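Shown next, in structure tokens, is the structure this report addresses.
The values are calculated or read from the model by the stated rules, or taken from the named source; none is laboratory data. Just so it is clear, the structure is predicted and the values come from calculations on it, not from any experiment. With ideal geometry, Cβ positions are generated from the backbone for all residues, glycine too; neighbour counts draw on all protein chains shown. In case anyone asks, the SASA skips ligands and DNA or RNA and just uses the protein heavy atoms, side chains included. Shrake-Rupley method; radii C 1.70, N 1.55, O 1.52, S 1.80 Å.
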Amino acid sequence: MEQDTLNIDIIKSSGERVKFSLEKLRASLHRSGADNDVVNRILDKVRDELYQGISTKEIYNRAYALLKKEKRYYASKYKLKKAIYELGPTGFPFENFIAALLKYSGFNTKVGQVLEGDCVSHEIDVVANKNGNTTIVECKFHSEEGRNCNVKVPLYIASRFQDVKNQWDKKQHKTTLTQGWVVTNTRFTKDALEYGNCIGLHLLSWDYPKNDGLKDRIDRLGLYPITVSTLLTKREKQFLLTRDVVLCRDLIGDAFYLDHLGVSDVRKTKILNEIKNLCHHESR
């Protein structure tokens, strides 16, 4: 059976046809925290249901449903990529999310700051300071899968960064403006990566740089967006996002928002347990 799956074509969200990879599915299941026995059981079931031309979305939904039956917080971690898309439709919660990731990496952060350039003023998504250095971060959020960042994005950000830096260097700032970042929840095209790296921008996408992309940083820091919850409804998630509760760990400290939503005590306990397990703050 394992050999047969090598000849199965699957359709990605971009419309591209690729060969099914058992190892990629295995790796994504392991990232959920599930042990080998659970992963192997799910792989066996999913593999038996494969057919030519199956979509990656259908494979994902089946694996997600099976993980959810095992333990909810496995399913929460597994749905991380989809949960990032659910921060939309506007990009503002994503900007707050990126600011939070940087904050927990030791940066002081501010969102939506206007900085003067030599030519014009620029509204910057996130301004981050650390060790006397300032970084300006542009967040490119896509609410639909399959839409990647092309070369126009780093071209545009590089010119904005240079305009701000020209003005910054003329003034007596307490910090040095050292770098521009471009962060996206999808992926960069080959040209975008080549240009961004050549011009000196720091590029951060779902899986780039390798082993230090968004998914890796989120797992490492345990900073999951509120949208990963399998128990909160879409309406409840949107309510929390509008009140700047973007991280699961924010809800642990601000559980009173669940009372505002009229969540029952029984359900409230289940929601908080799911989130505590996810954030590695499991109650003993």
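Simple rule: put +1 on each Lys or Arg Cβ and -1 on each Asp or Glu Cβ in the range 28-152, find the dipole, and look at Ala83, Gln113, Ile124; the Cα lying farthest toward the positive end is Ala83. By DSSP, the beta bridges lying fully in the range 4-151 are antiparallel in about 90 percent of cases.
Distance between the pseudo-spin-label points of Ile11 and Gln113 (7 Å out from Cα toward the beta carbon): 4.6 nm. Based on the reciprocal of the average 1/r between different C-alpha atoms, the Kirkwood radius for the range 134-232 equals 14.8 Å. Across the range 211-226, coupling constants 3J(HN,Hα) worked out from phi with the 6.51/-1.76/1.60 Karplus curve, θ = phi - 60°, read 6, 9, x, 4, 4, 5, 5, 5, 5, 5, 8, x, 9, 8, x, 4 Hz, and Gly and Pro carry x. Rounded to two decimals, the Cα radius of gyration of the chain over 2.2 N^0.38 Å is 1.10.
Among the chymotrypsin sites (Phe, Trp or Tyr not before Pro) within the range 41-76, those in coil by DSSP and having at most 10 neighbouring Cβ atoms inside 10 Å are Tyr51. Please build a GNM for the chain, connecting alpha carbons under 10 Å apart, and tell me which residue among Gly222, Gly146, Gly132 fluctuates the most. So, out of Gly222, Gly146, Gly132, the one fluctuating most is Gly132. Apolar share of the accessible surface for the chain: 48 percent from carbon plus sulfur atoms, 1.4 Å probe.
Below 8 Å between Cα atoms, with a sequence gap of 6+, how large is the relative contact order for the chain in percent? With pairs under 8 Å counted, the relative contact order is 15 percent. Relative to the longest principal axis of the Cα atoms of the chain, the long axis of helix 36-48 lies at roughly 80 degrees. Using r as the Cβ-Cβ distance of Thr175 and Thr90, and R0 as 30 Å, what FRET efficiency do you calculate, to the nearest 0.05? For Thr175 and Thr90, the calculated efficiency is 0.55.
For the pair Asp37 and Gln52, the difference between a 0.36 nm per residue extended length and the Cα-Cα distance amounts to 2.7 nm. Heavy atoms of the protein chains alone define the surface here; on that basis the chain has 52 Å² accessible area per residue at 1.4 Å probe size.
For trypsin sites (Lys or Arg not before Pro), the sites in the range 140-222 that DSSP calls loop and that have at most 12 other Cβ atoms within 10 Å are Lys171, Lys174, Lys210. Normalising the average separation of contacting C-alpha pairs (under 8 angstrom, six or more residues apart) by the number of residues puts the relative contact order of the range 54-114 at 16 percent.
In the P(r) worked out for the range 103-174, what percent of Cα pairs fall beyond 19 Å? Tail of the P(r) past 19 Å holds 42 percent of the pairs. Taking only Cα atoms, what is the 0 to 90° angle, nearest 10, from helix 265-278's long axis to the longest principal axis of the chain? With rounding to tens, the tilt is 70 degrees. Applying 1/(1 + (r/R0)^6) with r as the Cβ-Cβ distance of Glu123 and Arg220 and R0 = 30 angstrom yields a FRET efficiency of 0.50. For the chain, the longest piece that avoids every one of the GluC sites (Glu not before Pro) found in DSSP loops with at most 16 other C-beta atoms within 10 Å covers 146-281.
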